[in-house]
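Take a look at the structure set out below.
Any read-out appearing in this document is the output of simple, stated calculations on the displayed coordinates, not a laboratory observation. Every value quoted in this text rests on a predicted model; they were computed, and no experiment measured them. All Cβ positions, glycine included, derive from the backbone under ideal geometry; neighbour counts span all protein chains shown.
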Amino acid sequence: MAALKVFITGASSGIGQALAQEYASQGATLGLVARREVLLKSLQTQLNTPCSIYVADVRDEEAMQAAAKDFISKYGVPDIVIANAGVSAGTLTENKADTATFRALIDINVIGMVNTFQPFTAAMKKARQGSLVGIASIAGVRGLPGAGAYSASKAAAIAYLESLRVEMSQDGVMVTTIAPGYIKTPMTDINKYPMPFLMAPDVAAKKFAKAIKQKKRFIVIPWQMGWLAKLMRCLPPWLWDFAMKNAPHKAHANWDWL
């Protein structure tokens, strides 16, 4: 059986790094994208598998087009493209300064996903094979106080991926939406509140890879958060408002991508 060809964004740390390591352990050929060149090169040296790296911001459409073109020219059409790059930060609409954060989160978490998939779609449709995988979040199921930008971006990602799934199904291309709960990464390390069912990134990566192999359409990981997501969807607005009125807020952060 031929080795998988896997293209992953946000690969320099957290879930993306764990996914790269998981697929490398399976002997996959990798294309890894991230902004942080030093971390990306360090990861490349650790992986005992064919691997090309691309230093790029997923908001940069031309850079993502170039990365996809190079990957296809070297290795052929990928079997799996994982749009994992994403960021999170606390936001409040009342704070004028947070408008820039809203814009950045939408651009990275949603438009960045589009920029990741678009360059591969024609080749994958022609080959009538492959999987496009978007990493969303349980935060996209209902709006979380203090995280309006993040919840909105992940809700948009979930809806976008569902639309894309139906569109691509006619051409033999699978689209998988993965909505993680709390995964221990630098992004969650800033949270100062309890995180139920917190999962190590290497454990999460194995579960993600299994779900992708099984061609899941939509999955929440871990399964306990899946039941919570179902409950969240069912609550009427007045009860959700009551449950969330004293919920802790995500901390603001001075991200270097702003």
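Helix 61-75 and the long axis of the chain differ in direction by around 40°, with both axes built from C-alpha atoms. Within straight-line reach of Lys215, meaning a Cα separation under 17 Å, sit the following lysines at least 8 residues removed in sequence or on another chain: Lys5, Lys125, Lys206, Lys207. Computed packing ranks the peptides 131-139, 172-180 as 131-139, 172-180, most packed first, by mean other Cβ atoms within 10 Å. Specify the residue with the greatest mean-square fluctuation among Ala243, Ala152, Ala18, computed from a Gaussian network of the chain linking alpha-carbon atoms under 10 Å apart. Comparing Ala243, Ala152, Ala18 in the GNM, the peak value goes to Ala243.
The Rg/Rh ratio for the chain, using Cα coordinates for both the radius of gyration and the Kirkwood hydrodynamic radius, is 0.96. Just how far, in whole angstrom, is region 105-140 from region 17-39 if you go by their alpha carbon centroids? The two parts, judged by their Cα centres, are 17 Å apart.
Split the chain at each of the trypsin sites (Lys or Arg not before Pro) in a DSSP loop with at most 11 other beta carbon atoms within 10 Å, and the longest piece is 1-95. In region 8-94, Cα pairs under 8 Å separated by at least six residues give a relative contact order of 32 percent. The gain in end-to-end length when the Leu198 to Ser25 segment is fully stretched comes to 59.9 nm, 0.36 nm per residue minus the alpha carbon separation.
Relative contact order for the chain: 19 percent, from Cα pairs under 8 Å spaced at least 6 residues apart, divided by residue count. Relative to the longest principal axis of the Cα atoms of the chain, the long axis of helix 148-169 makes an angle of roughly 40 degrees.
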